[in-house]
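**Q** Handing you this structure, nothing more for now.
None of the figures in this text is laboratory data; all of them are computed from the coordinates on show. A quick note: this is a predicted structure, and the numbers were derived from the prediction, not measured. Methodologically, a virtual Cβ is constructed for each residue, glycine included, from the backbone with ideal geometry; neighbour enumeration extends over all protein chains shown.
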């Protein structure tokens with residue numbers, strides 16, 4: 001699946017090459033009509049952020065925030081989990097400045113399983 005392959009590609013070629021050659025592809029796939037494609041992109045978000053070496057932090061609201069209103073709850077579940085993993089990886093200070101408001105927005109989701117995933121992942125962020 002193309003969306004899911006973006007993370008490993010970013011890690012393999014480095015973020016500079018990825019950003020210059022495939023960033024447009026990422027944005028297009030995030031808006032794809034197929035929920036399977038969008039879900040694949042969601043599964044790549046964590047790896048893409050890690051490959052970016054913090055370059056994407058300033059774009060978090062635009063990139064990850066796009067999925068906040070996605071009609072497929074599985075996509076929102078994957079994103080809230082990715083945010084938690086990113087928060088754990090980058091540390092509490094970067095989480096608070098770049099991900100916190102977005103993460104807590106997912107805890108108000110209309111679907112129980114999205115809220116449950118977010119709540120369960122609080123442990124990941126805060127190392128409880």
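**Q** For the chain, modelled as a GNM with alpha-carbon contacts under 10 angstrom, which of 33, 100, 81 fluctuates the most?
**A** Looking only at 33, 100, 81, the biggest GNM fluctuation is shown by 33.
**Q** Continuing with the same structure: Springs between alpha-carbon pairs under 10 angstrom, Gaussian network model over the chain: which of 94, 79, 48 fluctuates most?
**A** Most flexible of the set in this elastic network: 94.
**Q** Another question about this same structure. For residue 68 and residue 31 in one chain, what is 0.36 nm times their gap in residues minus the Cα-Cα distance, to one decimal in nm?
**A** 12.1 nm
**Q** How big is D, in µm² s⁻¹, for segment 1-55 by Stokes-Einstein at 20 °C and 1.002 mPa s if Rh is the Kirkwood radius over C-alpha pairs?
**A** 199 µm²/s
**Q** Per 10 Å bin, what percent of the C-alpha pairs of the chain does each bin hold, from zero upward?
**A** Final binned percentages: 14, 47, 34, 5.
**Q** I need the calculated FRET efficiency for the pair residue 93 and residue 120, taking r as the beta carbon distance and R₀ as 22 Å, to the nearest 0.05.
**A** 0.45
**Q** In a Gaussian network model over the chain where Cα atoms closer than 10 Å are linked, find which of 15, 49, 112 has the largest mean-square fluctuation.
**A** Result for the chain, Cα springs under 10 Å: 112 fluctuates most.
**Q** Between residue 59 and residue 22, 0.36 nm times their residue separation minus their Cα-Cα distance comes to what?
**A** Net length gain for the segment: 11.7 nm.
**Q** Here is a follow-up. Specify the inter-centroid distance of segment 99-128 and segment 27-60, based on alpha-carbon positions, in whole Å.
**A** Centre-to-centre (Cα) distance: 18 Å.
**Q** Per DSSP H run of at least 4 residues, take -39500 (n - 2.57); add these up for the chain, divide by its residues and hand me the 222 nm value, nearest 500 deg cm²/dmol.
**A** -22000 deg cm²/dmol
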